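The values are calculated or read from the model by the stated rules, or taken from the named source; none is laboratory data. Note that this is a predicted model, so its numbers are computed, not measured. Protein only, heavy atoms only, side chains kept; ligands, DNA and RNA dropped before computing areas. Shrake-Rupley method; radii C 1.70, N 1.55, O 1.52, S 1.80 Å.
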Amino acid sequence: MTITLRPGTTVMFTGDSITDSQRLESEDGLGFGYPLRVAGEWGFRHPDRPVTWLNTAIAGHKVRDLEPRWQADVLDARPDVVSILVGVNDMGWHTLDPKGYVIPVEEFEAGYDRLLAPLSEAGTELILIEPFLLPIHGVVEAGAGVALIGEEERREWRADLNPKIKAVRELADKYGAHLLPADSMFAELAATSGPEYWAEDGVHPTPAGHAALAAAWLRLVA
């Protein structure tokens with residue numbers, strides 16, 4: 001089943017930097033990433049069904065950062081559809097922030113559940129996008145140069161991320177949400193084109209990576 005976007009539907013994207021994509025620097029507030037590509041492609045395909053597209057993602061945010069702003073930034077807008085991509089900062093916080101710690105999957109899942117519950121009660125359609133990590137090679141700078149991430153860190157991150165991806169899948173099932181399996185999608189794409197083609201640092205998509213996310217997202221709506 002797909003989500004039907006009727007004329008006048010309000011769709012909200014939210015999460016971290018992958019969704020933020022410098023939205024505050026763009027005239028339409030959508031940024032340069034997959035939300036903009038989704039909105040553009042939908043408008044091209046369906047000029048007879050205008051949709052209001054919103055983006056309230058903030059770079060660096062984790063589930064625990066979304067919670068205090070959830071009412072004002074999401075619930076008060078009364079969106080018909082909410083699309084969430086969060087988790088990569090929950091995975092890497094302990095590496096990138098001296099005050100960070102390894103966030104247990106139980107804490108991640110409980111916080112995420114609290115975000116979804118009021119939306120479900122309001123009858124909002126939900127799209128949950130798996131957090132993802134591509135198996136790039138070499139060492140890259142992360143967190144504006146505060147940390148160097150190499151093979152060892154990525155192995156550690158992957159071990160931490162897998163249970164959180166499982167939690168997102170279980171929450172999607174619990175709330176009847178549409179799941180966009182981004183981690184498995186990018187793993188499949190990386191097997192043929194190389195991971196750096198889709199995300200040079202393993203986390204933030206290239207233009208091609210954003211296009212892949214947008215195409216997958218659009219397959220969930222009609």
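For the stretch 1-42, what value does the Rg/Rh ratio take when both radii are computed over Cα atoms and Rh is the Kirkwood radius, given to two decimals? Let's see the in-between values first.
Working: Rg = 11.3 Å, Rh = 11.2 Å.
Taking Rh as the inverse mean 1/r over Cα pairs, Rg/Rh reads 1.00.
Let me have the relative contact order for the chain, percent, based on Cα pairs under 8 Å that are six or more residues apart.
Computed over the chain, the figure is 23 percent.
Counting only protein heavy atoms and a 1.4 Å probe, tell me what percentage of the stretch 152-206's accessible area is made up of carbon and sulfur.
For the stretch 152-206, the apolar C and S fraction of the accessible surface comes to 51 percent.
Hey, can you find the accessible area per residue of the chain for me, probe 1.4 Å, expressed in square angstrom? Working shown, then result.
Numbers: 10340 Å² over 222 residues.
I get 47 Å² per residue for the chain.
Once phi is turned into ³J(HN,Hα) by the Karplus curve 6.51 cos²θ - 1.76 cosθ + 1.60 with θ = phi - 60°, what whole-Hz value does each residue of the stretch 188-198 show in order, with x for glycine and proline?
5, 5, 5, 5, 9, 10, x, x, 5, 5, 9
Taking θ as phi - 60°, what are the ³J(HN,Hα) couplings along the stretch 14-26 by the Karplus curve (6.51, -1.76, 1.60), each to the nearest whole Hz, with x for Gly and Pro?
8, x, 10, 5, 5, 8, 3, 6, 6, 4, 5, 9, 9
Semi-axes of the chain's equivalent ellipsoid from the Cα gyration tensor, sqrt of 5 times each eigenvalue, largest first, rounded to whole Å?
Working: eigenvalues 144, 81, 52 Å².
Square roots of five times the eigenvalues give 27, 20, 16 Å.
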